[in-house]
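Asker: Shown below is the structure under consideration.
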Amino acid sequence: MGNGAGKYNIKAVSKMLGIQPGTLRAWERRYQMIAPVRNESGHRLYTEEHVEILRWLISKINQGFTISQAVSLLENSAVSMEKAEVPRRDMVDEIGDKLLSALLEFNSSKAHELINQAFSLFTIDKTVIDLLGPILIKVGDLWEEGSITTAHEHFASSFIRSRIEGLSNSFPHNSFLPKAIAVCGPGERHELGLLIYTLYLRRKGFEVVFLGTSLAENDLEVVVEKVKPKFLFLSCTLDENRERTLSLAEEINKTYPDLIIGLGGIAIDSMPLEQQEEYQENIVGMTRAEWEKWLKKRIDQFK
């Protein structure tokens, strides 16, 4: 890759991108993703395109990929490397529209292809939270308004769930981080939002016991006794289940006063203002930025 005149020596590229010359040489030798030209003295000279390719690879590494994974994404990506800029927000929407259509047509191969494309363009968190999450909401809305059948809803939800679960279970946990339990509140049957949050936690290195939909009475305490977590996350999406979820949180808090309880879901986020103020220490929020802020504050308690 990389035509055109060489412009930068390895020292300049190293300084521009914050990468050691030795690392850069090793990448070139092992993966041959770029081929810098040599000047009369035999020194490497890098083109603008080379620099943009390297910047793109480094951005992927900063997102959690290994260099070999990043190079593989580069080789298979449809992204032009003429300008290795961060994909725009409208690209998420474009892929989202195509993915939704594929799911509603029961076209699993096309859906897999589109999700793989998204992972090659965006971070894991962005793909799951900003692409798959909104699609789940759209599918639910279409089903509630009668625009799609139950079969459509079940296929789309099951497909996305399987992709998220497979990804979520692949991350190693950090033994220095506290354990967590994630479970839906009483009466809840919508677990995908909680699954996305679980993926976020596992990406952070947390060991999370994902219990999914609501448990039978007293079963949660059995799990808490066995796992001995520091965090318990309760999800509630339906207003009709909110009071029981809040009551459960209060009961658990009385029994385990040192257990940090996080509350999330649409029904929690849409609580009346007075309730939000009452439970403000427990509400984790709906966006990644809110999750980061809430979690950082609680983790700091262990330092």
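Asker: How many of the residues making up region 277-299 are modelled with pLDDT of 85 or more, in contact with a strand residue (DSSP E or B) (Cβ under 8 Å, 6 or more places away or on another chain) and in a helix (DSSP H, G or I)?
Answerer: 1
Asker: Kindly indicate which of GLU243, GLU277 is outside the structural domain of ILE129 (by TED's automatic domain parsing), of a type outside the set (A, V, I, L, M), surrounded by 13 or more Cβ atoms within 10 Å (Cβ to Cβ) and without any contact (Cβ under 8 Å) to a residue 12 or more places away in the chain.
Answerer: From the options GLU243, GLU277, the qualifying one is GLU243.
Asker: Are any residues in region 232-257 under 28 Å from the mean Cα position of the chain (by Cα), modelled with pLDDT of 90 or more and not hydrophobic (A, V, I, L, M, F, W, C), and if so, which ones?
Answerer: Result: SER235, ASN241, ARG242, THR245.
Asker: When you look at GLU251, is it surrounded by fewer than 19 Cβ atoms within 10 Å (Cβ to Cβ), under 29 Å from LEU132 (Cα atoms) and not assigned by TED's automatic domain parsing to the domain that holds LYS126, yes or no?
Answerer: Taking the combined requirement at face value, the residue does not satisfy it.
Asker: Residues that are touching a Phe, Trp or Tyr at 6+ places or on another chain (Cβ under 7 Å), surrounded by 13 or more Cβ atoms within 10 Å (Cβ to Cβ), farther than 24 Å from LEU201 by Cβ and among the acidic types (Asp, Glu): does region 118-141 have at least one?
Answerer: No: region 118-141 contains no residue that is touching a Phe, Trp or Tyr at 6+ places or on another chain (Cβ under 7 Å), surrounded by 13 or more Cβ atoms within 10 Å (Cβ to Cβ), farther than 24 Å from LEU201 by Cβ and among the acidic types (Asp, Glu).
Asker: Kindly indicate whether SER162 is under 16 Å from the mean Cα position of the chain (by Cα) and not in a helix (DSSP H, G or I).
Answerer: no
Asker: For region 1-14, enumerate the residues that are modelled with pLDDT of 80 or more and of a type in the set (D, E, K, R).
Answerer: Selection gives LYS11 alone.
Asker: Do you know which residues across region 143-168 are touching a residue at least 24 places away in the same chain (Cβ under 8 Å) and not charged (D, E, K, R)?
Answerer: ILE148, HIS152, PHE155, ALA156, SER157, PHE159, ILE160, ILE164, LEU167, SER168
Asker: Right, another one. For region 190-217, which residues satisfy the criterion of being surrounded by fewer than 17 Cβ atoms within 10 Å (Cβ to Cβ) and either free of Cβ contacts under 8 Å to residues at least 12 places away in the same chain or under 13 Å from GLY264 (Cβ atoms) (or both)?
Answerer: ALA216, GLU217
Asker: The conditions are (1) farther than 23 Å from GLY140 by Cβ; (2) among the acidic types (Asp, Glu); (3) out of contact with any helix residue (DSSP H, G or I) (no Cβ under 8 Å at 6 or more places or on another chain), and GLU221 fails exactly one of them. Which is it?
Answerer: (3)
The values are calculated or read from the model by the stated rules, or taken from the named source; none is laboratory data. Keep in mind the model is a prediction, meaning the values are calculated, not measured. Here the Cβ is made from the backbone with ideal geometry for all residues, glycine too, and neighbour counts use every protein chain on show.
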